[in-house]
Structure formats: C-alpha cells, structure tokens
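K.L.:
First the structure, then my questions, so here it is.
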Amino acid sequence: MRASGILLPIFSLPSEGGIGNFSSEARKFIDFLADAGQTYWQILPLGPEGKGDSPYQPVSCFSGNICYIDPVQLQDEGLLTDEEILQYQKSSVQTETVDYAGGHAAVLPLLEKAYFRFKNQPKEKQAGFQKFCEENAFWLDDFALFMVISDEFPGKSWREWPDPLRYRDPEALSEQTKNNLEQLMFLKWTQYEFIRQWSALREYAHSRGIQIIGDMPIYTSMDGADSWAYPEIFQYDEELNAASVSGCPPDDFAEDGQLWRNPLYRWHSGRKAVYDWWLHRIRHQFKLYDIVRLDHFRGFQAYYSIPAESDSAKNGRWEKGPGLAFFKFLRQHDCPQNFIAENLGFLTEDVQELIDASGFPGMKVLQFAFDFDYENQYLPEHYEENCVVYTGTHDNDTSRGWFEELDVWHRGFIANYINDWFRKEFPGEINTETSNAAIMNHNIAHYLTQTAMASRADTCIIPLQDWLNLDSSARINTPSTVGGNWNWRLSREDFQAALDKGLAAEIREMSEKYGRTGNENDVEIGEKGENR
C-alpha cells in the first residue's frame, strides 16, 4: 500500500537541554505528522553517540542515549521536584545546534537525583525495573560494567585496560561488580527509564496512526561495549587486535572511500556465536521500532575488509558475507523481519539477487538520479513498487543546498527531466514554463518532493528540511568528514512558523493527491520475496 513519512532525528527536535529528547516537542511533532496525513516517522539510531557524535559508531548496540530522557516526565513520576525542573528550564537555552556535552551535563545530575529517590521507593514500585534488568541481562550487565570500567580509565580504549579486565578474567570482573554496585544499578536504571519513556512515546505515535522507522547500524564501535563483551564474534587475534576493519570503497559520497574502522564479524568461522548475538540484537530493535532500516545491507552479501594499519579505504577487498542463510535463520527463530534494505553505494549483481530473494524494499534517492544517464536506477521511471524513495537521506545535503552547488547544465537537465516525466506520467500536472522558472529559482526541494510522492514507490520518506526548503546549513552529515556533523536542530521558531503557514495541510494535500494517506494499519514493508 502507498504511504509516506518524514525523516527527522530525535536529536534535531527543539527540546530543552541542548539536544532533542522525548519531550512534549516530540509529541507535538507526532501530532504534526498525523495532521499531515503521514504514516511514518523515520529516526536515526537511538543509541549513545560515538566518535564524532555519530549514532553510527555506537558505544553499545543495545543501549539508549540517556540525553533523550525527558526530565519533566521524571517530575511527573515524583522523582524530581518542581524547583529542580524550574531550575533546569531556566538554565536550558535552546542552542542553534545540538550540544551533546551540554545535554549530558544538563540531564546527568537530574538523573542522579531521580535515581536516589527511585531506589528509596517501596519495593512494589521497583518491580518494573527488576523485570527490565532480568529480561535485558544479556546485554545490560556487560554494558553497565563496561561504562564503569571506562570511567576508571578515562580516555583509554578497553584494549589499554589491565589484562585481567581486557581479557575479561571472571575474578577481575566480579571484583569490579562488587566494588561498584551502586553505580551499576544507576546505569541500569537510566536504561530502564530510557526504554520506559521511549515506549510511551512510541505508543502515543501508534495512537495517532504513526509507525516508527528506526535505523540499525550494521557495525558496532571498535572501542564499544559489544566488542569488549563478545570478542568471540569479531575478527580478533589472540591479543584481541583486529587485522582488518570496516569501510567502503570509493563512491559518490567519498572519492577515497570511507574508513569506518569498526571490527568485522566472524560470519563463517564463528557462525553460531555471531548469529545468536544478531538474533538478540534484532529482537531488541523490534522492541524499539516498527520497521528497521538495515544500514549497509550489502554487507550481508559481501563486506569490505581494509587492513587495520591503512589510512585509506582504497586498499580494501571484498569478503563473502552470510547471505540469505542469515535471514532464513532469523525466520526459523520467529524473528521479525519488517526491514528496509539500505542498498546505496556500490552494488553488484549478487547483492541485487539477495535483495530480490529477501523481499525487503530497497532505497531510491533522487539526488543520485541526475547524471545525464537515462538508465540511472534512481530515475523514477525505473522504480519497482516495492521500494522506498527519498529526496535525500541524512548523508545527503538538503535538496536546496545540493541544487545550489550544481552547475547550470545539471540544473537545466533536472528541470527538463522533471517536466518531461510529469508530462508523461501525469499529463497537465505541471505548467512547464512556471515549474522551470521555480526550479531554477532554488525551489527544487518542492519539485523533487512532488516527484518522489508521485512515483510508483510504495513508500516515500522526505527529510523535514526539504519540506521546509532549507539550505546546506541544515545538513545532518557529510560522510568521510570529521566535525560539524550530527548537530542540526529544528528551531522552535522555524517549527512554529511551519505550523502557522499550514505546512501540515500542504503535506496532507500532496499526500492525498498521490494516494499516500491510506489506513496505516494495512501498511507492511518487506512482505514479498522468497524469504518471506
């Protein structure tokens, strides 16, 4: 069934405390989506930010970012006082960009106070927390212990820890646990509160007919909790050093390729341990999201392996991944598979065969379409219905910013193509002379959005920046660059202005025009193909 949605990360919401969170602003955005006739809210990973503030270098593949916890809801639970919240609100000036350090500094003292009051409540009020700890012990115990030890050795990788801790000697871990019981319980409680608030927000989204599309990075951080807790699933030597690391070869995003430096999985030599870990991980993801976008899907068919000592991704080579057998394993274990396959970048025939066999919808990005090649797979006449179309993703510039960097020949080609495509598909839909002038006058975001919405793709996701026609200052990430990424925020003023100007009505009108406002309960993704 045809449907549409909007891409906006949680951290980009105009909440208090330096970073977007699960506040009333999040509920207001859900109301906006519902008013706009949308079915989906796509967000980026919810885990703690890693190096460079990236949510794709997760400290843990299971934990949530505690900066997203809304202190006001802790007040509603009786865990913070009116005075403490008032002080928090007075000191929380919304920054123009995301302030991760400021977000942690603002929320951490409040979480500590709230936990102190929580642990002194009657036992019956702590039953939910105890159940959470039991059900999530698989990852929660190691994550909390990892964070405690990391605080003991600040600035050091776990590979630089004393050998008993590095190699997870049972006696050393037991000693650490015994000496840090209170801090361990606090860390577990913050994860409980994260899940509690997120689950409530997700339930509110469901009540308004909105489903959540989440994003799952294929890799975990080299210096993260998972790589320390489960070394048997990674390609490490006896000293727990990686001979090869992750990345991707040169492509449209990066001429020299991308060197991510994540540890690589033992898909074959350690298959059982890897598959079991992934089974836990994906089941956990579907406790958070309705639909999961599998980041770097091609890595399941073949992954790019780069020598660890390399300073460039050019020296890598492709290694065979688990292929369709992995997804059959998930199916055999009754694991949800409502996936979107992120199939961007360098694709070979065997990758396309895996996507076809899995039945998962792939992605189409309009910004990749206009290279003067009429066989380009991202041009809308080449779309199959079982796909998800975007004007751009979090790794692209905004459509306006992208267009402004193009030369006049590319701009003219895009304008002519859009006009020609609409004349063929929807005769009389566009006034060629008017639209040509509008596109060349930097209103490309509107026309790309209209093209995406009109396409035959079952699902259409538009970044909020393109609905607002924002320039490059609203870009979220520039691949292969360090600094200045993952920090765009929607200001309250811009959001309110959008509401005042009737943006929701405009979005609903276009969604209705192209048949994308149906019953969200009928929407399913990834229901075709051999694996289903």
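K.L.:
State which residue pairs qualify: first residue under 20 Å from Asn431 (Cα atoms) and inside the stretch 394-416, second residue of a type outside the set (Ser, Thr, Tyr) and surrounded by fewer than 22 Cβ atoms within 10 Å (Cβ to Cβ) in any location, beta carbons under 7 Å apart, and separation of 6 or more residues or different chains.
P.N.:
Correct list of pairs: Arg411/Met440; Phe413/Phe370; Phe413/Phe372; Ile414/Phe370; Ala415/Asn436; Ala415/Met440.
K.L.:
Regarding Asp350, is this residue surrounded by fewer than 20 Cβ atoms within 10 Å (Cβ to Cβ) and in a helix (DSSP H, G or I)? It would help to see each step written out before you state the result.
P.N.:
Values: surrounded by fewer than 20 Cβ atoms within 10 Å (Cβ to Cβ): yes; in a helix (DSSP H, G or I): yes.
So Asp350 passes the test.
Results for (1) touching a strand residue (DSSP E or B) at 6+ places or on another chain (Cβ under 7 Å); (2) surrounded by fewer than 16 Cβ atoms within 10 Å (Cβ to Cβ); (3) without any contact (Cβ under 8 Å) to a residue 12 or more places away in the chain; (4) over 29 Å from Val389 (Cβ atoms), shown as yes or no for each residue.
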site	(1), (2), (3), (4)
Arg261	yes, no, no, yes
Lys272	no, yes, yes, yes
Phe297	yes, no, no, no
Ile306	yes, no, no, yes
Ala313	yes, no, no, no
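K.L.:
Taking the stretch 397-425, which residues are under 27 Å from the mean Cα position of the chain (by Cα) and of a type in the set (Ser, Thr, Tyr)?
P.N.:
If the condition is that a residue be under 27 Å from the mean Cα position of the chain (by Cα) and of a type in the set (Ser, Thr, Tyr), then Thr398, Ser399 are the ones that fit.
K.L.:
Among the residues that make up the stretch 182-195, is at least one of them at pLDDT 95 or above, exposed (fewer than 13 other Cβ atoms within 10 Å of the Cβ), hydrophobic (A, V, I, L, M, F, W, C) and farther than 30 Å from Gln42 by Cα? Break it down into steps so the answer makes sense when it comes.
P.N.:
Of the residues in the stretch 182-195, the ones at pLDDT 95 or above are 182-195.
From what's left, exposed (fewer than 13 other Cβ atoms within 10 Å of the Cβ): 182.
Checking which are hydrophobic (A, V, I, L, M, F, W, C) leaves us with none.
For the stretch 182-195, residues at pLDDT 95 or above, exposed (fewer than 13 other Cβ atoms within 10 Å of the Cβ), hydrophobic (A, V, I, L, M, F, W, C) and farther than 30 Å from Gln42 by Cα: absent.
K.L.:
Right, here's the next one. Restricted to the stretch 1-40, and to residues that are under 12 Å from Ile507 (Cβ atoms) and hydrophobic (A, V, I, L, M, F, W, C), which residue is nearest to the chain's Cα centre (by Cα)?
P.N.:
Restricting to residues being under 12 Å from Ile507 (Cβ atoms) and hydrophobic (A, V, I, L, M, F, W, C), the top hit is Ile6.
Matching residues to (1) of a type in the set (S, T, N, Q); (2) surrounded by fewer than 17 Cβ atoms within 10 Å (Cβ to Cβ):
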site: Ala415; (1), (2): no, no
site: Phe422; (1), (2): no, no
site: Glu425; (1), (2): no, yes
site: Thr449; (1), (2): yes, no
site: Pro463; (1), (2): no, no
site: Ile476; (1), (2): no, no
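K.L.:
Can I ask one more? Would you mind finding the one in His333, His394 that is surrounded by 21 or more Cβ atoms within 10 Å (Cβ to Cβ) and not charged (D, E, K, R)?
P.N.:
Details: His333 fails: surrounded by 21 or more Cβ atoms within 10 Å (Cβ to Cβ).
Every option except His394 fails the conditions.
K.L.:
Mind checking which residues of the stretch 359-398 are over 20 Å from Asp215 (Cβ atoms) and among the polar types (S, T, N, Q)?
P.N.:
Residues satisfying the conditions are Asn376, Gln377.
K.L.:
Separate question: Looking at this structure, is Asp458 more than 29 Å from Glu255 (Cα to Cα), of a type in the set (Asp, Glu) and surrounded by 20 or more Cβ atoms within 10 Å (Cβ to Cβ)? Please lay out each step first, then the result.
P.N.:
Working: more than 29 Å from Glu255 (Cα to Cα): yes; of a type in the set (Asp, Glu): yes; surrounded by 20 or more Cβ atoms within 10 Å (Cβ to Cβ): yes.
Criteria met by Asp458.
K.L.:
Going by what's in this entry, would Ile306 be described as more than 24 Å from the chain's Cα centre (by Cα) and either in a strand (DSSP E or B) or modelled with pLDDT of 95 or more (or both)?
P.N.:
Spelling it out, Ile306 is indeed more than 24 Å from the chain's Cα centre (by Cα) and either in a strand (DSSP E or B) or modelled with pLDDT of 95 or more (or both).
K.L.:
Got at least one residue in the stretch 45-54 being within 22 Å of Glu182 (Cβ to Cβ) and of a type in the set (D, E, K, R)?
P.N.:
For the stretch 45-54, residues within 22 Å of Glu182 (Cβ to Cβ) and of a type in the set (D, E, K, R): absent.
K.L.:
Please identify the pairs in which a residue from the stretch 83-99 that is touching a residue at least 40 places away in the same chain (Cβ under 8 Å) and basic (Lys, Arg) has its Cβ atom under 8 Å from the Cβ atom of a residue that is in a strand (DSSP E or B) and crowded, with 17+ Cβ neighbours inside 10 Å, counting only partners at least 6 apart or on another chain.
P.N.:
As it stands, the answer is none, since no pair meets every condition given.
K.L.:
Of the numbered conditions (1) touching a residue at least 12 places away in the same chain (Cβ under 8 Å); (2) under 30 Å from Ile282 (Cα atoms); (3) in a helix (DSSP H, G or I); (4) under 28 Å from the mean Cα position of the chain (by Cα), Lys131 fails exactly one; give the number of that condition.
P.N.:
(1)
K.L.:
Does any residue of the stretch 48-64 turn out to be without any contact (Cβ under 8 Å) to a residue 60 or more places away in the chain, buried (at least 17 other Cβ atoms within 10 Å of the Cβ) and of a type outside the set (Phe, Trp, Tyr)? Working first, answer last.
P.N.:
Within the stretch 48-64, the subset without any contact (Cβ under 8 Å) to a residue 60 or more places away in the chain is 48.
When the remaining residues are screened for being buried (at least 17 other Cβ atoms within 10 Å of the Cβ), the result is 48.
If we keep only those that are of a type outside the set (Phe, Trp, Tyr) too, we end up with 48.
Checked the stretch 48-64: at least one residue is without any contact (Cβ under 8 Å) to a residue 60 or more places away in the chain, buried (at least 17 other Cβ atoms within 10 Å of the Cβ) and of a type outside the set (Phe, Trp, Tyr).
K.L.:
When you scan the stretch 359-369, do you find a residue that is on the phi > 0 side of the Ramachandran plot and surrounded by 19 or more Cβ atoms within 10 Å (Cβ to Cβ), even just one? Working first, answer last.
P.N.:
Of all residues in the stretch 359-369, those on the phi > 0 side of the Ramachandran plot come to 359.
Then drop every residue that is not surrounded by 19 or more Cβ atoms within 10 Å (Cβ to Cβ), which leaves 359.
Yes, the stretch 359-369 has at least one match.
The values are calculated or read from the model by the stated rules, or taken from the named source; none is laboratory data. Nothing here was measured: the structure is a model prediction, and the numbers come from that model. Methodologically, a virtual Cβ is constructed for each residue, glycine included, from the backbone with ideal geometry; neighbour enumeration extends over all protein chains shown.
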